[in-house]
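Below: one structure, written as structure tokens.
Nothing in this text is a laboratory measurement; each read-out follows from the coordinates by a stated rule. Here the structure is a predicted model, which means the values were calculated and not measured. Positions of Cβ are generated from backbone atoms using ideal geometry, with glycine treated the same way; all protein chains shown enter the neighbour counts.
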Amino acid sequence: MWILRRNGPSGFSSSSTAEEVTNGIDGSGLTAIVTGASSGIGSETARVLALRGVNVIMGVRNMAAGKKVKEAIVKEIPAAKVDIMELDLSSLASVRNFASEFTSTGRPLNLLINNAGTATPFKLSEDNIELHFATNHLGHFLLTHLLIETMKKTAREMKIEGRIVNVSSEAHRWTYKEGIRFNRLNDEKGYKTCAAYGQSKLANVLHANELARRLKEDGEEITANSLHPGAITTNLFRNSGVFKGVISIIGKFVLKDIQQGASTTCYVALHPQVKGISGEYFSDNNLAKPSSKAADTDLSKKLWEFSMDLIK
């Protein structure tokens with residue numbers, strides 16, 4: 001149970017649940033992709049969006065786990081429109097296959113929720129990229145890049161604002177001193193798991209900010225924002241014995257549960273209060289201030305070009 005409850009300007013707080021912040025909102029006719037939807041806040045996000053009438057595509061690495069989540073959602077919400085598609089964000093090939101399969105269906109796309117994430121000791125992806133950066137940032141960067149034209153087309157034809165939501169973390173404040181180690185991304189020397197995770201979460205904020213700037217410059221009716229879901233009792237740190245031990249002891253007293261953890265994502269994705277707001281950072285269902293590095297426009301532009309080179 002979250003021990004602090006103080007409503008912010010939005011009328012919601014850190015203890016608000018995803019169902020509470022979307023109460024009364026009709027998402028019928030909208031289509032959303034939610035990455036990492038087979039567990040944790042991703043599965044709860046998919047469930048609540050489906051509850052509000054949104055057509056949800058669950059992008060999952062583990063298809064068996066994704067199938068179980070889908071079955072649970074449909075059992076609870078018989079009218080739910082939910083599909084599962086295989087997506088491994090650590091693999092650029094998998095991202096390309098997912099995007100190609102989705103666009104080939106001709107489906108519209110109103111909401112893109114870049115939620116999937118990992119926290120792990122040093123490891124390189126199959127594309128030879130540090131795994132936190134590859135999974136948490138670059139896979140989502142490529143996915144967004146490949147689906148943005150579909151989102152633009154949908155926004156124009158349906159005359160409904162599209163929304164891109166990057167699930168970041170307050171961990172974006174605790175990265176390497178240079179913010180993004182462009183020249184030492186895969187260097188195991190000096191590698192720190194927490195800093196590498198923070199680096200990828202900083203990249204999530206920078207990506208959303210630069211994307212928001214570009215979309216606004218092009219006059220597109222699509223917003224891009226990032227958020228901190230809160231300290232949550234999920235299995236994200238399952239590979240870290242220390243974190244797992246601490247969470248098991250204090251989690252029920254100071255951490256959010258899954259329903260509270262998914263609330264800011266659902267708020268930014270669906271709530272009318274967020275209409276027209278872009279390039280912002282949210283926490284506890286309210287606007288928040290990111291780190292100075294996250295607000296560095298030169299850094300966001302550099303990351304954009306760096307990421308584009310990596311996905312060529």
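For the chain, what is the mean residue ellipticity at 222 nm derived from helices alone (per DSSP H run of n ≥ 4: -39500 (n - 2.57); sum divided by total residues; nearest 500 deg cm²/dmol)?
Mean residue ellipticity, 222 nm, calculated: -13000 deg cm²/dmol.
Just check segment 10-62 against the gyration tensor rule for me: Cα atoms, a ≥ b ≥ c as the square roots of the eigenvalues, rounded for a/c under 1.5, and otherwise prolate or oblate depending on whether a/b exceeds b/c.
Oblate.
Could you list which residues have their amide H under 5 Å from that of ILE222, counting only those 5 or more apart in sequence or on another chain, with H placed in the peptide plane?
For ILE222, the qualifying residues are GLY162.
Taking θ as phi - 60°, what are the ³J(HN,Hα) couplings along segment 43-55 by the Karplus curve (6.51, -1.76, 1.60), each to the nearest whole Hz, with x for Gly and Pro?
With the stated coefficients, segment 43-55 comes to 5, 5, 4, 4, 5, 5, 4, 5, 4, 8, x, 6, 7 Hz.
Counting only DSSP beta bridges with both residues in the chain, what percent are antiparallel, rounded to the nearest 5?
Taking every DSSP beta bridge with both residues in the chain, the antiparallel ones total about 15 percent.
Which of ALA224, ALA119, ALA269 ends up with the largest GNM mean-square fluctuation for the chain, with Cα atoms connected below 10 Å?
Of the options given, ALA119 has the highest mean-square fluctuation.
Among TYR191, TYR267, TYR281, which one shows the biggest mean-square fluctuation in a GNM of the chain, springs joining Cα atoms closer than 10 Å?
Ranking TYR191, TYR267, TYR281 by mean-square fluctuation puts TYR191 first.
By counting other Cβ atoms within 10 Å of each Cβ, how are ILE84, ILE57 ranked from fewest to most?
ILE84, ILE57
If each residue's Cβ is checked for other Cβ atoms within 10 Å, how do HIS137, HIS271, HIS207 rank with the fewest at the top?
HIS271, HIS207, HIS137
Computed from the coordinates I sent, Cα extents along the principal axes in Å equals one of (1) 64, 45, 42; (2) 59, 46, 43; (3) 52, 45, 40. Tell me the label.
Matching the structure shown: (3).
For a footprinting-style exposure proxy, rank GLU210, GLU126 by other Cβ within 10 Å, fewest first.
GLU126, GLU210
Which whole-number percentage describes the relative contact order of the chain, with Cα contacts under 8 Å and a sequence gap of 6 or more?
That works out to 23 percent.
Rounded to whole Å, give me the distance from the Cα center of segment 5-59 to that of segment 255-301.
Each part's Cα centre sits 14 Å from the other's.
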